[in-house]
Amino acid sequence: MGKMLSVSELRKVYEVKKTAFSLKKDRIKAVDGVSFELESGKTIGIVGESGSGKSTLARCILLLEEPDEGTITFSGNDLLHMGKHELKRLRKDMQIIFQDPYSSLNPRRKVFDTIAEPLLFHNIIKKKHVKEKVIEIFKKVGLDEDFLDKYPHEMSGGQRQRIAIGRALATNPSLLIADEPVSSLDVSIQAQIVNLFMDIKESTNISMLFVSHDLNIVRFISDEIMVMYSGKVLEMGEKDEVFYRPLHPYTEMLIDSIKGELFKKAKVDTFDFNDGCVYYPRCNSREPICSKEMPHLTGEKEHMVACFLST
Ligand SMILES: Nc1ncnc2c1ncn2[C@@H]1O[C@H](COP(=O)(O)OP(=O)(O)OP(=O)(O)O)[C@@H](O)[C@H]1O
Ligand SMILES: [Mg+2]
């Protein structure tokens, strides 16, 4: 069980104008000193409400966005200091699946070509064998051959997400990042797609980061859970530890609200309001110390928390 991915002190700040005409800018700490390790074959579920920095973290790891600070080590390679050539080789080992399969698939391209393209681009297979390989991938993601000549608009949301998953798996990646992969789908379809991720997890040695605001889904698929809030990791550890023995008041709140849809729509205020804990303004258990500084993430690897009240 080697380390597949190791992220250390990652930071990404966005500067946005306060209003259209103002010169003042707000600094949004979208990812604010995030560190974690992902072991080979494991899945970490990243939960947190809208604006907590989950997608920014995912995009930084895949170098779709340039982090301001920190290091990312992927299969022993220092990702932020690599040549173009080496990067191209590594890119096929790390794939992402987005929330909305419709906008991530090329609408003018038959789904056969969508899956064939990475196979040919990365020289994974000779042209004459490409059809067999695509059919094999179709089977793997639960689609039959009838779909080969279809366009994305001729398919349902769930079928399109299967295509996006097939395309991501085509290069046989060792890391798959799924950013809210079922959130745009009908609830009835969500379980099918989550099951597909489970099959993939069980039949390959792939490592996954599975991003979702839905703790129920994350709980199902993850080995470990990481709870983000305002760019920071508030709690992280083995799934059952975090789920059954939550240490952070925010995690407790998330677990309590699983039945309601409460926290889905809440929007986090990521602005720098003070030096205290990022969760201070909303915390029901806060103490005076909590307004003074942000606690560090501490504890054993199985279970870590950033909260003065739990350590
Ligand atoms: N390109 C950008 N420019 C400016 N601010 C951004 C940009 N991308 C993200 N942000 C801000 O960074 C913060 C984190 O956003 P991010 O999209 O990573 O959150 P998220 O956890 O993925 O949320 P959601 O659940 O809504 O997808 C938010 O405050 C967001 O407004
Ligand atoms: Mg997001």
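Values quoted throughout were computed directly from the atomic coordinates according to the rules given, and no laboratory measurement underlies them. Please read all numbers here as calculations on a predicted model, not as lab measurements. Methodologically, a virtual Cβ is constructed for each residue, glycine included, from the backbone with ideal geometry; neighbour enumeration extends over all protein chains shown.
What does DSSP give for the chain in terms of the percent of beta bridges that are antiparallel, rounded to the nearest 5?
Of the beta bridges lying entirely in the chain, close to 65 percent run antiparallel.
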Within the chain, helix-based [θ] at 222 nm, where runs of 4 or more DSSP H residues each add -39,500 (n - 2.57), nearest 500: -8500 deg cm²/dmol
Full-stretch length increase - Ile189, Lys131 - with 0.36 nm per residue and alpha-carbon distance subtracted: 18.1 nm
Around Thr251: net Lys/Arg minus Asp/Glu count, Cβ-Cβ under 11 Å: -3
Full-extension gain in nm, Arg27 to Met253, via 0.36 nm per residue minus C-alpha separation: 78.6 nm
Filter on Lys88/Lys128; Lys201/Lys301; Lys84/Lys232; Lys24/Lys232; Lys88/Lys110; Lys12/Lys201 - keep pairs with C-alpha separation over 27 Å: Lys84/Lys232; Lys12/Lys201
Listed residues Asn216, Asn284, Asn106, most fluctuating in the chain (Gaussian network, C-alpha, under 10 Å): Asn284
Set of segment 217-235 residues, backbone N closer than 16 Å to the point 7 Å along the Cα-Cβ line of Thr298: 234-235
Positive-end residue, the chain charge dipole about Cα centroid, Cβ charges, pick of Leu79, Ser257, Thr43: Leu79
Chymotrypsin sites (Phe, Trp or Tyr not before Pro) lying in DSSP loop within segment 84-141, provided at most 11 other Cβ fall within 10 Å: none
Cβ-Cβ FRET estimate between Asn216 and Leu120, R0 fixed at 41 Å, reported to 0.05: 0.60
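For the chain, count the residues as N, evaluate 2.2 N^0.38 Å, and divide the Cα radius of gyration by that value, please.
Here the answer is 1.04, to two decimals.
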Relative contact order (%) - segment 147-224, alpha-carbon pairs under 8 angstrom, separation at least six: 33 percent
Summed residue charge, Cβ within 13 Å of Ala116's Cβ, Lys/Arg positive, Asp/Glu negative: +3
Gaussian network model of the chain, springs between alpha carbon atoms under 10 Å - residue of Asp199, Asp214, Asp93 with greatest fluctuation: Asp199
At most 14 other Cβ within 10 Å, DSSP loop - trypsin sites (Lys or Arg not before Pro), segment 67-162: Arg108, Arg109, Lys126
Modelled FRET efficiency - R0 41 Å, Ser156 with Ser50, Cβ distances, 0.05 increments: 0.95
Diffusion coefficient, µm² s⁻¹, Stokes-Einstein with Kirkwood Rh over alpha-carbon pairs of segment 177-227 at 37 °C and 0.692 mPa s: 292 µm²/s
Fluctuation leader among Ser230, Ser40, Ser188 - the chain, Gaussian network, Cα springs under 10 angstrom: Ser188
Check: the chain dipole with +1 on Lys, Arg Cβ and -1 on Asp, Glu Cβ, in debye: 1180 debye
Beta bridges by DSSP in segment 1-48, antiparallel share as percent, to the nearest 5: 100 percent
Net charge contributed by nearby residues that have their C-beta within less than 12 Å of Lys139 (K/R +1, D/E -1): -2
Spacing of the two label points (7 Å from each Cα toward its C-beta) at Asp275 and Glu145, in nm: 6.9 nm
Theoretical FRET efficiency, 1/(1+(r/R0)^6), r = Cβ-Cβ of Ser103 and Ile289, R0 41 Å, to 0.05: 0.35
Neighbour count of at most 15 Cβ within 10 Å plus DSSP loop: longest GluC sites (Glu not before Pro)-free window in the chain: 1-260
